[in-house]
Amino acid sequence: MLPETRRALAHRLAVAQRDGRLPAVVATVLREGERRWWGSRSMVDGHAPDPDTQFRIGSITKTFVAVQVMRLRDEGLLNLSDRLGQHLPVVGPAVGEVTVRQLLSHTSGLTNEPPGPWWERTDGALRPELADLLQQPPLRHEPGRLFHYSNVGFALLGALVEQLRGDDWYTVLHREVLRPLGMRRTTALPEAPHAGGWAVHPWADVILSEPLQRTGRMAPAGELWSTADDLSRWAAFLASGDERVLSAGSVAEMRECQADGEERYGLGLALRQAGGLSLAGHTGSLPGFLAMLWIAPEERLGVVVLANATASPGPAFGELATDLLRIVAEREPRIPEPWRPLTSRDPEVLALTGPWYWGPAGYGLRLVGEDELELAPLTGAGNREARLHRADDGETWIAEGGYWHGEPLHVVRDASGEVTHLDLGTFVLTRQPYPLDGPVPGGVDSSGWRAEKW
């Protein structure tokens, strides 16, 4: 990065450490999947953490559990629409009715926390069985109705992984995810060098050490330790996927919005708009630690921030990660790839391009890839636009994005093989607006278009 950009990033990090009164903080910024900058600050001169220093990452752990569940889905061992009780009958009838998708998106209606004392600061042995994680009643809202963050839900997803894999969730995670991605410094217990956890007094510049607790069955909600380097690898994976772990398509599916209200959430990933950027990722906290990981896939940027404080007042830390992304995006906007012509083209597909009309509304259909079309209003306004990808049958096209997301487009031909119209989810698109002899549902006034003097 440019020297001016590096200085701006270092300055923002220093301000966050000072104003947020953070014992230590380390941050990395990625571009194109590679770490391009890192910086750190500490309350102790000469002892600032580096990208290989472990911190506890709290709820960023949930993103790892979500990937495990998506792997099970892709292998055909479950469907996201499955009821939890199909795989974990011990959870009882009420919890058994919630779906895997609802658990991943925090729309299950489950309670935020398990019963008993604060689970993040007490020994997980206090809750040895799955039933010990469930309040009575366990549901606070009707499943599927709204977003309600649930640590309990992800503890149950970890148990689901164990049930279907026949092994401890972390052992499965290490074998199937961490090892293939080279994340050797992401662990269930801290391994040196690691930061100690601190609480900072709200009204005085004094600190208190936080105890380390194993969280037992709640571990899938926030147990892991990791480093800025390892989480940079994880951020790159969440942006592009890796066939050894999870395909790019399945990772992109995790970034699709499932809950849209005051909070936006995908499948194990929080979604956010900040500084003109569309972000996906997660924050995390456990006593003594704060963590943030965000990616901006369209800009091919990512950021990781780790600190060892239980809480930080105001926006000094809370907006640090998004500010670091904004600094890079504004000072060094991504240079787009050069335009290049397609390497091949299908004459029949090329003949489909150009103007089409849904009634009087005009659309342009462009060939933008060998098996990809783009449909957009000629006026450039509205949400009736989509990318269309050729299906496996070679004849159908499937829309992605906007109103028609997931709907099929069929090219309709007459007996001679000539194209008469396009049918996109029952929307008939013709070459002329309301043609007299066209296949317009409901027909067209036989007098056609006319001019009138009023």
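The values are calculated or read from the model by the stated rules, or taken from the named source; none is laboratory data. These numbers were taken from a predicted model, which means no experiment stands behind them. Cβ placement follows ideal geometry from the backbone for every residue including glycine, while neighbour counts extend to all protein chains displayed. Note: accessible area is taken over every heavy atom of the protein model, side chains too, but ligands, DNA and RNA are not part of it. Shrake-Rupley method; radii C 1.70, N 1.55, O 1.52, S 1.80 Å.
What to note about this one:
- Selection count where residues are closer than 18 Å to Arg71 by Cβ and open to solvent by less than 40 Å² (accessible area, probe 1.4 Å), scope region 196-235: 3
- Of the residues Leu173, Leu181, the single one that is touching a helix residue (DSSP H, G or I) at 6+ places or on another chain (Cβ under 7 Å) and in a helix (DSSP H, G or I) is Leu173.
- Between Gly109, Gly197, Gly158, Gly144, the distinction of being touching a Ser or Thr at 6+ places or on another chain (Cβ under 6 Å) and not basic (Lys, Arg) belongs to Gly144 only.
- Of residues in region 258-280 being closer than 15 Å to Ser105 by Cα and over 8 Å from the mean Cα position of the chain (by Cα), the one surrounded by the fewest Cβ atoms within 10 Å (Cβ to Cβ): Glu262
- Against the test of being on the phi < 0 side of the Ramachandran plot, small (Gly, Ala, Ser) and not in a loop (DSSP other than H, G, I, E, B), the options Ala376, Ala451 yield a single qualifying residue, Ala376.
- Scope region 293-319; condition surrounded by 24 or more Cβ atoms within 10 Å (Cβ to Cβ) and either closer than 24 Å to Ser108 by Cα or under 13 Å from the mean Cα position of the chain (by Cα) (or both); matching residues: Leu293, Trp294, Ile295, Ala296, Gly302
- The residue that is most open to solvent (accessible area, probe 1.4 Å), counting only those in region 424-435 that are assigned to a loop (DSSP other than H, G, I, E, B) and within 14 Å of Pro360 (Cβ to Cβ), is Gln432.
- Pairs, first part of a loop (DSSP other than H, G, I, E, B) in region 327-344, second open to solvent by less than 70 Å² (accessible area, probe 1.4 Å), C-beta under 6 Å, six or more apart: Glu332/Thr5; Arg334/Glu299
- Looking only at region 156-185, and only at residues there that are under 21 Å from Ala131 (Cβ atoms) and small (Gly, Ala, Ser), the one that is surrounded by the fewest Cβ atoms within 10 Å (Cβ to Cβ): Gly166
- Residues of region 388-416 that turn out to be closer than 30 Å to Leu436 by Cβ, of a type in the set (Gly, Ala, Ser) and open to solvent by less than 30 Å² (accessible area, probe 1.4 Å), as a count: 1
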